[in-house]
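Note sheet for the following structure.
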Amino acid sequence: MLGFVPPLPQQPGRPPSSGHMIVCGDDALARRLAVELRFIYGERVTLLLPPGRDANNPETPLTQRGRAAALFGRMSAAMNRAGNGSGTTGGNGSTGGSGDTNAGVEAVRIMEAPEPSDDVLEEAGIDRAAALALVYDDDERNIRAALTARRLNPRLRLVIRLYNRKLGQHLEELLDQAAAVAMPGIDPALLDASTTVLSDADTAAPALAATALTGSNKIIQAEGLLLRAAERPPPRPGEHADPGLCTLALLSSTTNDPAGAEGSDSSGDEAPQLLPDERAVADATGRGTVVLEAISRADPARPATRMGGRGAPLAQIFSRRLRWSALGFALAAVALVIASLLTTEDTALHSAYLTVLDLLGMNDPAEGASPARQIIQILSGIAGLLLLPLLIAAVLEAFGTLRTASSLRRPPRGLGGHVVLLGLGKIGTRVLVRLRELDIPVVVVEEDPEARGIPLARSLHVPTVIGDVTQEGVLEAAKIYRARALLALTSIDTTNLEAALYARSVKPDLRVALRLYDDEFATAVYRTLRTAHPQALTRSRSVSHLAAPSFAVAMMGRQILGAVPVERKVMLFAALEVAGHPQLEGHTVEQAFRAGAWRVLAIDATPPADRNPDLAALPPFDPEGDATPPPSGLVWDLHPGYVLRAQDRVVIAATRRGLAELLRRQRSAVPGR
């Protein structure tokens, strides 16, 4: 990794210094990522935005530069309010963005250009940059810019936003090969971090899908591991809550207040506390907790199932009346065969053969046969007359069903206990897949019949309503009055809010999760909905806020395992090598814990030469309650006296600032990183 450069304020228009980072994008993620890098990691940042109006709100006269300026100003004020209270100071005793957080917008150099062309990237300082993030909403634009950037600076670390997973894998291999050719003999670890392809939809989808689940469990899937956490209400007087493996967070003091707001970085003392120590947990009164209950292996990812089973079931092809008619005809045919057996001396096979011929009108008249045989033949002929219209009806029904098999399915009449999902864009599509993997029934509402996720909904036979959710009758068509939850994931905040308010008027106790960008707007919405409906669960989530930490850590040459929202804060899970971390190496698990910053959850003690990058493939090791180092394997029931060794790999839970401090100190402790 490239060396760390201490943060210095940058004036707009001033050429950046060596080691800075460049962020190119056209939506909220670019602005959030610039905030993350500047105010959390203390990096010098150049933000490249397209000129003109905000793409998400074209009617708003606020330009991209103005929207970024407003966000940076709010973030600067929030950092100043937070101060050093979180206990995550940097190596020089200051927070990651302190020293110039009052500079507001001046802390980030903002450029405007329609495309990241050669000239624009050179003006941004691409030849001296440490890392470049390409987070445009258009995959093709990101690919073109990545190829250009790799040509201009082969040593540049690239972080690319792509929705197409398979294409992202191929692009990552291609750009890594280009870096290897330009830098012969490069360290494989550095080469592995030279190009990272991420998807904001994949990062945010698990957290968004989890808000629709009944109960308060949080499931974190991290590289094959399954970390199960649970929200627990405040203990009653005289009760002692089960601490589980550890307490990950204290919820905000306003959680149980109907008029309270979800805590965020700007909530002050009322905000949730991430990774508190035992004293903070004991002193907290009236606060709920998020407790880590267990760590286990995750099952292999299952493909999303169809709502109606595989293929086209018989019940969907033929109507119930036709199936009952066919059953009656079959019983009549069996009765005729039995009657033939009882009245003649034929074998069962021959009697069945003659009955089939009679039904089809292919048998010769039974002249000279016994009266019983003649009567059976007449009855068979009458039954055969009924067979023809039955076959015609079956053909017509099958033809009509198969012709519409590729069309969207309407919500079934008796559907209930489902999740109503609004929006099938990038985020909604990924959330739909996640919900179907969990076998949760879903009804989708989408205004655009050509939306990205419509083909997926069609292939999975997911009931879909095409229409404007703000129009009367659309949510009713989605059976909102019998739904368990509403996920409003369109890209327009006001549409999500309007849908949530109308849904609550139809079903006051409905669980609601809103996708909202602006933090202040989300706080006001949350407080209002909680006041109006104190017994109903309300959550507001920002996709860019959930995804930005993953992109920021990738810019630093690392990857995180998962990001989990705790109210409006984010907790990160990462796997780190102990070597080079002075806060971890040589310390016990208890000593390595930093309240409000990071906590060791599991240890992989396998020697580096034999280490498997897949954490789920590691054999579990039972420490038997002692602090002796295991020969190999993954340990998650940790003894507090276990001493972390340089060859160990640890799974940690960390705040954004805590992870930033770990990376900063490692880079300063290990030359060349």
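The values are calculated or read from the model by the stated rules, or taken from the named source; none is laboratory data. Just so we're clear, the structure is a prediction, and the values are computed from it rather than from any experiment. Every residue, glycine as well, gets a Cβ built from its backbone with ideal geometry; the counts of neighbours run over all protein chains shown. Heads up: the accessible areas ignore ligands, DNA and RNA and are worked out on the full protein's heavy atoms, side chains in. Shrake-Rupley method; radii C 1.70, N 1.55, O 1.52, S 1.80 Å.
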_So Pro206, is it of a type outside the set (A, V, I, L, M), touching a residue at least 40 places away in the same chain (Cβ under 8 Å) and over 15 Å from Met21 (Cβ atoms)_ = yes
*Hey, any hits in segment 489-505 for a residue that's in contact with a His (Cβ under 8 Å, 6 or more places away or on another chain) and not charged (D, E, K, R)?*
no
*Among the candidates Gly97, Gly125, Gly185, single out the residue that is modelled with pLDDT under 90 and crowded, with 17+ Cβ neighbours inside 10 Å.*
Gly97
*Assess whether Val635 counts as being modelled with pLDDT of 85 or more and of a type outside the set (Gly, Ala, Ser).*
no
*Kindly list the number of the only condition in (1) loosely packed, with under 15 Cβ neighbours inside 10 Å; (2) modelled with pLDDT under 75 that fails for Asn363.*
(1)
*List the pairs whose first member sits in segment 403-426 and is under 16 Å from Leu456 (Cβ atoms), whose second member is at pLDDT 80 or above and of a type in the set (Phe, Trp, Tyr), and whose Cβ atoms are under 7 Å apart, counting only residues at least 6 apart or on separate chains?*
Lys426/Tyr163
*Scan of segment 563-588 for residues that are in contact with a Pro (Cβ under 7 Å, 6 or more places away or on another chain), farther than 16 Å from Arg657 by Cβ and at pLDDT below 90, ordered by number*: Glu567
*Under the condition of being over 14 Å from Val643 (Cα atoms) and outside any strand (DSSP E or B), which residue from segment 590-606 is modelled with the lowest pLDDT?*
Thr606
*If you check Ser540 against the conditions, is it open to solvent by less than 10 Å² (accessible area, probe 1.4 Å), in contact with a strand residue (DSSP E or B) (Cβ under 8 Å, 6 or more places away or on another chain) and of a type in the set (S, T, N, Q)?*
yes
*Considering only segment 188-218, state which residues are farther than 30 Å from Ala230 by Cβ, of a type outside the set (Ser, Thr, Tyr) and at pLDDT 70 or above.*
Val197
_Among the residues that make up segment 488-508, is at least one of them more than 22 Å from Ala207 (Cβ to Cβ), in contact (Cβ under 8 Å) with a residue 60 or more places away in the chain and in contact with a strand residue (DSSP E or B) (Cβ under 9 Å, 6 or more places away or on another chain)?_
no
_Scope segment 430-449; condition in a strand (DSSP E or B) and touching a Ser or Thr at 6+ places or on another chain (Cβ under 7 Å); matching residues_ = Val444, Glu446
*Say whether the condition of being out of contact with any helix residue (DSSP H, G or I) (no Cβ under 8 Å at 6 or more places or on another chain) and basic (Lys, Arg) is met by at least one residue in segment 556-563.*
no
*Can you pull out the strands (runs of 3 or more DSSP E) entirely within segment 451-523 that have at least 1 residues that are open to solvent by 10 Å² or more (accessible area, probe 1.4 Å) and not acidic (Asp, Glu)?*
464-466, 511-515
